[in-house]
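Please read the structure below before turning to the comments.
Computed from the coordinates by the stated procedures, all read-outs in this text should not be read as laboratory data. Predicted, not measured: the structure shown is a model, and the values here were computed from it. FYI the Cβ positions are ideal-geometry reconstructions off the backbone, even for glycines, and counts take in every protein chain you see.
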Amino acid sequence: MLTGIKKLRERRLAIVCLGNELRGDDGVGYHVYRLLKRRGAERVFYAATAPESYVFLLVELGVDAVVFVDAVSAGLEPGSLVFARVKDAVKDASSLSTHFVPLDFVARLLEEHGIETFILGIQVGKIEWGAELSPEVREAAEKVAELLFTLLEKR
């Protein structure tokens, strides 16, 4: 399911959750953020649609890996998970992203500082304004939050 994510156990990791909580399943990143913060997780941030806002903070924190949690539209079943290095997953970020600054650009900035970047994407179902998270996406978010919490608590 999430090949390679367990290798992050030994890393000084930060989580940056993305999305728009007012657009149904696009708010899955915000939901993961809230679940992690409720459990007391540190180095977890909600960047909404502006991940570039956290570049300098992440560099100052001295992390060596960042996982961006975001909604994706990859043609999978709603709630499906994908995990990859940002540079491998985002080939043409300008056409795929709802973020003002493309995620691959933000990743390149971080990687210039020795910070490896990953995306953990959750396939969306509905992204209409005012919609709630779909049950499949909510369930996936809970699994993602649990997994990420175990990675964060090790360090």
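Overview of results
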item: Stretch gain in nm, segment residue 76-residue 64, where the contour uses 0.36 nm per residue and the Cα spacing is subtracted; result: 1.3 nm
item: GNM flexibility winner over the chain from 26, 70, 104 (Cα, springs under 10 Å); result: 104
item: Additional length obtainable on full extension of the chain from residue 39 to residue 87, 0.36 nm per residue less Cα span; result: 14.2 nm
item: Cβ crowding within 10 Å averaged over residues, with 28-36, 78-86, 56-64 ranked highest first; result: 28-36, 78-86, 56-64
item: Computed over the chain: relative contact order in percent, which uses C-alpha pairs under 8 Å that are six or more apart; result: 36 percent
item: Within the chain, helix-based [θ] at 222 nm, where runs of 4 or more DSSP H residues each add -39,500 (n - 2.57), nearest 500; result: -10000 deg cm²/dmol
item: Convex hull volume per residue for the chain, taking Cα atoms only, in Å³; result: 100 Å³
